[in-house]
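Beneath this line is the structure, given in structure tokens, with notes to follow.
The values are calculated or read from the model by the stated rules, or taken from the named source; none is laboratory data. None of these values were measured; they are calculated from a predicted model. Because the Cβ atoms are built from the backbone with ideal geometry, glycine has one as well, and the counts that use them run over all protein chains shown.
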Amino acid sequence: MLPFYQGEIISVITGFEPYKLLEEDFRGAGMHGHLAYLFIEEPEGTILIQRETLHYQGLLKLLEPIIRVFLYPRLRERLVNIKSILEDGYDVAE
């Protein structure tokens, strides 16, 4: 998610309801948190709500304002891609 920074992130699914909810806890790469996706089907398409709690550790905690500049556009892009997959039936294996 961040430029010039690599690391492993371990995710554990903590909640799953098909076509409605996906939740996970994650840890690694100097951060940990919780991520939840709520999918609401509407006649015009799918409303996708993302809730995220993110805690930085160590040096990343000091760099949080700078990280936001790079991270938030990537998060928005990720949501657009997920919404497209849901609505268009895109096969992620392709």
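Quick notes
- Extreme residue, modelled with the highest pLDDT, among residues of the range 52-77 that are among the hydroxyl-bearing types (S, T, Y) and more than 19 Å from Q6 (Cβ to Cβ): T53
- Of all residues making up the range 30-51, the number that are within 19 Å of Q6 (Cβ to Cβ) and in a strand (DSSP E or B): 3
- If you go through the range 56-87 and keep only what is more than 20 Å from E42 (Cα to Cα) and among the small types (G, A, S), you end up with just G58.
- Taken together, the residues in the range 1-26 that are part of a strand (DSSP E or B) and loosely packed, with under 15 Cβ neighbours inside 10 Å amount to 10.
- Selection over the range 37-69 of residues that are loosely packed, with under 14 Cβ neighbours inside 10 Å and more than 23 Å from L21 (Cβ to Cβ) gives a count of 10.
- One residue stands out among those in the range 47-77 that are among the charged types (D, E, K, R) and without any contact (Cβ under 8 Å) to a residue 24 or more places away in the chain: the one that is nearest to M31 (Cα to Cα), which is K61.
- Breaking point among (1) at pLDDT below 85; (2) touching an Asp or Glu at 6+ places or on another chain (Cβ under 6 Å), for H34: (1)
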